[in-house]
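Colleague: Pasting a structure below so you can have a look.
The values are calculated or read from the model by the stated rules, or taken from the named source; none is laboratory data. These numbers were taken from a predicted model, which means no experiment stands behind them. Glycine gets a Cβ as well: all are built from the backbone with ideal geometry, and neighbour counts include every protein chain shown.
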Amino acid sequence: MTRTPAEVARIALSCLDLTSLNDSDGQAQVAALCERAAATASRGAVAAVCVWPRLARFARAQAPHQVAVAAVANFPDGSSDVQRALRDTAEIVQAGAQEVALVLPYRSLLAGDLNACQRVLEAVRRASEGLILKVILESGELREPGFIEQAARLALDAGADFLKTSTGKTSVSATPRAAQLMLRTIANDARSRGRVGFKASGGIRSVADAALYLELVADQLGAEALVPARFRIGASALLNEIEIALGAA
């Protein structure tokens, strides 16, 4: 299906996660992020704001009620330390956030230690019951199709609600090839294909970039998956381009 830039922009806006994950972030940065989210209201709400666990409670107090608050766990390095991941998760849960974005221990996966990955995934899934769990595969570091597919299957087996490409902190972030592999893994899993979502994150800066990922999702999961419950884009820099496209419509 061919969509106009304005049609892509409307979908992308509703599926956008505005993110601030700089080491120096404090309440001022999160307040500005939430104000940015509120400023889109005349055109439609963004899906979520994503912040550090220590700022999740403040974000929940500042964000528009219709915008979810997500926070990261085990970020950005994807440690195999279960207790660290659980501390982050507990802070997110106690803050009243709705979404946990967990970095899969991708270095452990590359080293062949699948048990380390499973321990972190399963522990965080139990600790975040009732919240949306997005598992960040860091596909740019996994690189090989076999590793990306293996990471996706581990996350799905643990009960992930979303597969996410990247932290945005490495040299390679979202790529169409990684997206195809992740989406195909979701589509081929009978337990997941009607439930699990996909998030592209990192390096998506234009409406044309967003359109590419929209089409990949629609092709593998169906056009009905182009909603915030099944599709997200992590690209705060994209918002200006979305607003230009909608302004020109």
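Colleague: Those residues that are buried (at least 21 other Cβ atoms within 10 Å of the Cβ) and either touching a Leu at 6+ places or on another chain (Cβ under 7 Å) or polar (S, T, N, Q) (or both), I need them from segment 211-234; list them, please.
Modeller: LEU214, VAL217, LEU221, ARG230, ILE233
Colleague: Where residues in segment 174-193 are in contact (Cβ under 8 Å) with a residue 12 or more places away in the chain and among the hydrophobic types (A, V, I, L, M, F, W, C), which of them is nearest to ASP161 (Cα to Cα)?
Modeller: Step by step, filter segment 174-193, then rank; the result is ILE186.
Colleague: Another one. Considering only segment 183-203, state which residues are more than 13 Å from the chain's Cα centre (by Cα), buried (at least 21 other Cβ atoms within 10 Å of the Cβ) and not hydroxyl-bearing (Ser, Thr, Tyr).
Modeller: Once the filter is applied, which keeps residues that are more than 13 Å from the chain's Cα centre (by Cα), buried (at least 21 other Cβ atoms within 10 Å of the Cβ) and not hydroxyl-bearing (Ser, Thr, Tyr), segment 183-203 yields LEU183, ILE186.
Colleague: Return a yes/no flag: does segment 70-85 have any residue that is at pLDDT 95 or above, over 23 Å from LEU102 (Cβ atoms) and either hydroxyl-bearing (Ser, Thr, Tyr) or not in a loop (DSSP other than H, G, I, E, B) (or both).
Modeller: no
Colleague: Can you list residue pairs whose Cβ atoms sit under 8 Å apart, with the first residue in segment 55-75 being on the phi > 0 side of the Ramachandran plot and the second being assigned to a strand (DSSP E or B) and surrounded by 23 or more Cβ atoms within 10 Å (Cβ to Cβ)? Count only pairs 6 or more apart in sequence or on different chains.
Modeller: ASN74/LEU102; ASN74/VAL103
Colleague: Only one of LEU18, LEU55, LEU13 is part of a strand (DSSP E or B), closer than 23 Å to ILE136 by Cα, among the hydrophobic types (A, V, I, L, M, F, W, C) and at pLDDT 95 or above. Can you tell me which?
Modeller: LEU18
Colleague: Let me ask you something else. Out of the residues in segment 34-62 meeting the condition of being within 19 Å of VAL227 (Cα to Cα) and not small (Gly, Ala, Ser), tell me which one is surrounded by the fewest Cβ atoms within 10 Å (Cβ to Cβ).
Modeller: ARG43
Colleague: Of the numbered conditions (1) in a loop (DSSP other than H, G, I, E, B); (2) surrounded by fewer than 21 Cβ atoms within 10 Å (Cβ to Cβ); (3) not small (Gly, Ala, Ser), THR167 satisfies every one except a single condition; which is it?
Modeller: Here THR167 clears every test but (2).
Colleague: Okay, moving on. I'd like to know if segment 32-43 contains one or more residues that are under 22 Å from ALA211 (Cβ atoms), outside any helix (DSSP H, G or I) and either out of contact with any Lys or Arg (no Cβ under 9 Å at 6 or more places or on another chain) or at pLDDT 95 or above (or both).
Modeller: Scanning segment 32-43, I find at least one residue that is under 22 Å from ALA211 (Cβ atoms), outside any helix (DSSP H, G or I) and either out of contact with any Lys or Arg (no Cβ under 9 Å at 6 or more places or on another chain) or at pLDDT 95 or above (or both), so the answer is yes.
Colleague: Considering only segment 177-190, state which residues are assigned to a helix (DSSP H, G or I), more than 22 Å from PRO5 (Cβ to Cβ) and hydrophobic (A, V, I, L, M, F, W, C).
Modeller: ALA178, LEU181, MET182, LEU183, ILE186, ALA187
Colleague: Please go through segment 131-163 and pick out each residue that is buried (at least 23 other Cβ atoms within 10 Å of the Cβ), among the β-branched types (Val, Ile, Thr) and in a strand (DSSP E or B).
Modeller: VAL135, ILE136
Colleague: Within segment 105-123, how many residues turn out to be in a helix (DSSP H, G or I), over 16 Å from the mean Cα position of the chain (by Cα) and either modelled with pLDDT under 95 or among the aliphatic types (A, V, I, L, M) (or both)?
Modeller: 6
Colleague: Examine segment 12-28 for a residue that is more than 15 Å from the chain's Cα centre (by Cα), crowded, with 17+ Cβ neighbours inside 10 Å, more than 18 Å from GLY202 (Cβ to Cβ) and not basic (Lys, Arg), and state whether such a residue exists.
Modeller: Looking through segment 12-28, none of the residues is more than 15 Å from the chain's Cα centre (by Cα), crowded, with 17+ Cβ neighbours inside 10 Å, more than 18 Å from GLY202 (Cβ to Cβ) and not basic (Lys, Arg).
Colleague: Within segment 191-212, can one find any residue that is closer than 27 Å to SER108 by Cβ and in a helix (DSSP H, G or I)?
Modeller: no
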